[in-house]
Amino acid sequence: MNEKQSKWKVFTNGIIKENPVLRLVLGCCSALAVTTTVSGALGMGLSMTFVLLGSNIVISALRKVIPGKVHLPCYIVIIATFVTVVEMVLHAYMPDLFKTLGVFLSLIVVNCIILGRAEMFACKNTVIDSALDGLGMGVGYILVMFLMSSIREIIASGTWLGIQLIPDSVEKMTVMGSAPGGFFVFGCLMALCIWIENKLNKPIERKMCGDCPGCGHADAACSQGKDGKGGTEA
Amino acid sequence: MSSGVATFATIFFSMILVNNYVLVQFLGICPFLGVSKKLDSSVGMGLAVIAVMFIATAVTFPLQMFLLDKEGLAYMQTIIFILVIAVLVQLIEITLKRYIPALYKSLGVYLPLITTNCCVLGVTILAVQNYSADMAAYGFGFAYAEALICSVGAGVGFLVAMLLFCGVRQRVENADPPESFKGLPITLVSAAITSLSFMGFGGLVENIIGALM
């Protein structure tokens, strides 16, 4: 029973407690760029979840084999392989979605969520835990993408998943569909998230690029463990 | 010849103003939000990004044209490009450390962040997408020059966005927003306003250069 609970905790961790976009502030580029339509955002979210799941499983399976000094290139190759698989599948079976996502599909490789989870979680935990963590993070990412894209699509073009909600006679705020709207909606969502945190009396400190351990710095968790300084690895 | 110069100038200035990578195309948001707190660090990061983008495009563009496309390996683009960028960043880091330690001290801390900066991989992929078709029409030299100018323009655009936003941010720090907007949310909203101002540049560059030439 206890075992089951902890597995469930690992899975739900990514959805609320460590939501990748709103609480860890990782992978903002794609969250801002492809949330103009709900269908694009869902496609991106599913692709991301697949890559996250695959790379977390492989990286945690190989965590004792990959030398600490070259862990970053190794991770990148593993992640890039999964991204290429997604690219080829989408190109073959969903050419419209492939076109909508454009360059951001390839850019999943450098998305901080995936490298961040590899550095922070997969390199220190078992395969099953890492798979659950990848799934949880993916679901958390999809939920935020879904929320953001719903707001933006409804306000900017009056449709939701292609279904007309606001009649044509009403003037739409097209700016929500372009770059400034993305920043604005993201900022407001994050403010809402902080407001809820304050109401629940559980504020957290958000780390920003430069001081998050995701990017494979020399002092990242993994390389420390491997070099025997951190000692997190048995 | 003047049409060539006009093309190059159009690419350069539209990469800075109209298609600004950070504020219009959403590439490289993480370093934009994370490093733009202080003026000197934004300059350092911006310069390092310009250098890495230029060198990465200089290597990946011919690689795509003469190796991947010729051998039918175009599907390997993502893997090859990210590996090339990772290796290049490492090489630049080692070279700077060994030969120009002063520069390494000021820029070195930003180099590891650049491998995973999506604007570097983005510029190499977009350069191939946009300019590889020109190779058949105008020859490799012209297409290569276009790609290189695009990469420098994108880097300068990144630097400009960082500098402008650094100024905006220092004003925002002193403001007093509602409690839940403090920190990142108000930063994002001010980024939205900065980005809104860049929308005003749409169509500007083509028209000015068209009028000059």
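Checked against the criterion of being within 12 Å of chain A (Cβ to nearest Cβ), buried (at least 20 other Cβ atoms within 10 Å of the Cβ), within 16 Å of the chain's Cα centre (by Cα) and farther than 26 Å from B:I79 by Cβ, the stretch B:125-134 has no qualifying residue.
Listed here are the residues, each with its yes/no results for (1) assigned to a helix (DSSP H, G or I); (2) within 12 Å of another protein chain (Cβ to nearest Cβ).
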| residue | (1), (2) |
| --- | --- |
| B:G167 | yes, no |
| B:R171 | yes, no |
| B:P177 | no, yes |
| B:S180 | yes, yes |
| B:A191 | yes, yes |
| B:T194 | yes, yes |
| B:V205 | yes, no |
| B:A211 | yes, no |
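Just one of (1) within 14 Å of another protein chain (Cβ to nearest Cβ); (2) surrounded by fewer than 20 Cβ atoms within 10 Å (Cβ to Cβ) fails for A:I79. It is (2). Residue selection: B:G4 satisfies the criterion of being closer than 30 Å to B:N207 by Cα, among the small types (G, A, S) and either out of contact with any strand residue (DSSP E or B) (no Cβ under 8 Å at 6 or more places or on another chain) or more than 14 Å from chain A (Cβ to nearest Cβ) (or both).
In summary, A:C112 fulfils each of the numbered conditions (1) touching a residue at least 12 places away in the same chain (Cβ under 8 Å); (2) more than 10 Å from chain B (Cβ to nearest Cβ); (3) not β-branched (V, I, T) with the single exception of condition (2). Is it the case that some residue within the stretch B:22-33 is at pLDDT below 85, in contact with a Cys (Cβ under 9 Å, 6 or more places away or on another chain), within 9 Å of another protein chain (Cβ to nearest Cβ) and surrounded by fewer than 20 Cβ atoms within 10 Å (Cβ to Cβ)? Checked the stretch B:22-33: no residue is at pLDDT below 85, in contact with a Cys (Cβ under 9 Å, 6 or more places away or on another chain), within 9 Å of another protein chain (Cβ to nearest Cβ) and surrounded by fewer than 20 Cβ atoms within 10 Å (Cβ to Cβ). Selection of the stretch B:34-92 for residues being surrounded by 23 or more Cβ atoms within 10 Å (Cβ to Cβ) and touching a Lys or Arg at 6+ places or on another chain (Cβ under 8 Å) yields only B:S36. When A:G54 is tested against (1) buried (at least 23 other Cβ atoms within 10 Å of the Cβ); (2) small (G, A, S); (3) under 17 Å from B:I79 (Cβ atoms); (4) over 13 Å from the mean Cα position of the chain (by Cα), only condition (1) is not met.
The values are calculated or read from the model by the stated rules, or taken from the named source; none is laboratory data. What you see is a predicted model, and the numbers here were worked out from it, not measured in a lab. When we count neighbours, we look across all protein chains shown, and the Cβ atoms used for this are built from the backbone with ideal geometry, even at glycine.
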